[in-house]
1. Taking the Cβ of each residue in 315, 269 as the centre, tally the other Cβ atoms inside 10 Å and list the residues starting with the fewest.
2. Can you order the peptides 397-405, 119-127, 297-305 by their average number of other Cβ atoms within 10 Å per residue, highest first?
3. Could you give the length gained on full extension between residue 32 and residue 351, defined as 0.36 nm per residue of separation minus the Cα-Cα distance, in nm?
4. Rg/Rh for segment 138-255 to two decimals, with Rh computed the Kirkwood way over all alpha-carbon pairs.
5. What residue among 340, 181, 99 has the largest mean-square fluctuation in a Gaussian network model of the chain, using Cα springs under 10 Å?
6. Using the beta-carbon distance between residue 325 and residue 101 and R0 = 35 Å, what value does 1/(1 + (r/R0)^6) give for FRET efficiency, to the nearest 0.05?
7. What distance in nm separates the simple spin-label points at residue 268 and residue 344, each placed 7 Å from Cα in the Cβ direction?
8. Quick check on the exposure proxy: order 61, 249 from fewest to most C-beta atoms within 10 angstrom.
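Since every read-out is calculated from the coordinates, none of them should be taken as a lab result. Small disclaimer: the values here were computed from a predicted structure and weren't measured. Cβ coordinates were reconstructed from backbone atoms using ideal geometry, including for glycine residues, and neighbour counts include every protein chain displayed.
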């Protein structure tokens with residue numbers, strides 16, 4: 001009966017156009033919060049614009065959709081739609097509202113909007129689920145002003161200890177825990193506020209693909225099989241600072257020159273993976289950083305991503321061996337720091353992947369299996385429940401930039417697949 005109602009409603013004349021319009025309204029309304037001159041969005045986690053967006057989403061979730069709202073100790077916003085059996089495992093969906101600097105309107109936020117429109121459809125059709133349904137707005141998914149990412153999902157799943165956050169501060173010197181408190185969180189309760197075994201039946205996140213595989217091959221959506229491993233490590237190159245005009249070239253120990261060769265090595269070593277891995281050096285600091293002084297110290301941060309653990313190991317160790325050779329070549333000691341971030345590759349639950357594929361077929365949409373090369377809240381949720389993801393096409397594969405765009409048509413289709421999947425799982429017990 002529930003599926004008859006749903007199918008009729010979603011395929012009645014003009015229904016999808018209405019859904020597309022509503023989703024676009026969400027995107028444009030929130031896209032104005034933190035809008036930049038370049039047309040992008042800067043809603044840095046726990047910053048003024050993020051707090052404004054959080055306030056707005058809470059108001060709309062309660063006023064328009066009748067959800068029961070609460071904010072947990074980690075600053076996550078949870079909207080609950082009760083089920084017929086309140087003690088049943090929760091059907092959960094959602095994503096995040098915060099963005100990178102001058103990012104796009106869709107990354108994270110679109111997943112929340114799709115989830116909320118799924119709730120609106122259930123309300124309009126008066127469909128009551130057996131399990132409670134919760135929409136999760138995760139806090140600080142992007143690397144925020146304090147330099148730490150996925151705070152809400154890692155904290156809530158027990159993968160981040162509250163004690164480790166005590167020394168973090170943002171660009172203005174504001175302690176991270178103080179910022180969490182300003183957002184409605186409660187740091188003193190963080191260690192006690194975590195998901196319990198069996199509390200959540202399933203978690204599904206809709207997200208823009210951030211690559212061009214779906215668009216290039218004409219797929220409506222992607223069923224994410226798993227998430228890449230991510231490994232980050234810092235290298236410090238020690239040279240000898242001195243006058244840039246008086247130290248001859250053959251007498252120099254230039255830390256930046258050695259670091260530049262190390263950066264090139266990271267690029268070349270990752271390129272040998274045959275498409276199975278990527279590696280980036282995206283952050284470098286130089287001392288004393290003066291135009292007429294030979295650099296005496298350079299610190300660089302390397303990030304490696306691969307769904308293949310052996311490739312993560314190969315690149316990491318080969319870069320270190322190459323660093324030893326560079327050290328000898330330039331006479332510049334190179335220190336390899338410990339891992340600052342180490343997420344192993346993670347496979348999503350077969351139960352969810354099969355359910356999503358089945359729902360996509362039922363709805364008549366073309367889907368394909370994909371691995372995510374970016375990290376997501378769903379990655380951490382997979383440690384406490386059956387988790388999965390739906391990818392929607394990204395125009396030209398662009399993301400984290402003002403040009404980021406997903407046609408609302410695909411958001412509407414993903415919403416339909418999400419809702420169909422949740423209702424099927426709701427009936428399976």
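1. Taking fewest neighbouring Cβ atoms as first place, the list is 269, 315.
2. Put in order of decreasing packing, that is 297-305, 397-405, 119-127.
3. 111.0 nm
4. 1.17
5. Largest GNM mean-square fluctuation: 340.
6. Efficiency for this residue pair is about 0.45.
7. 3.3
8. 249, 61
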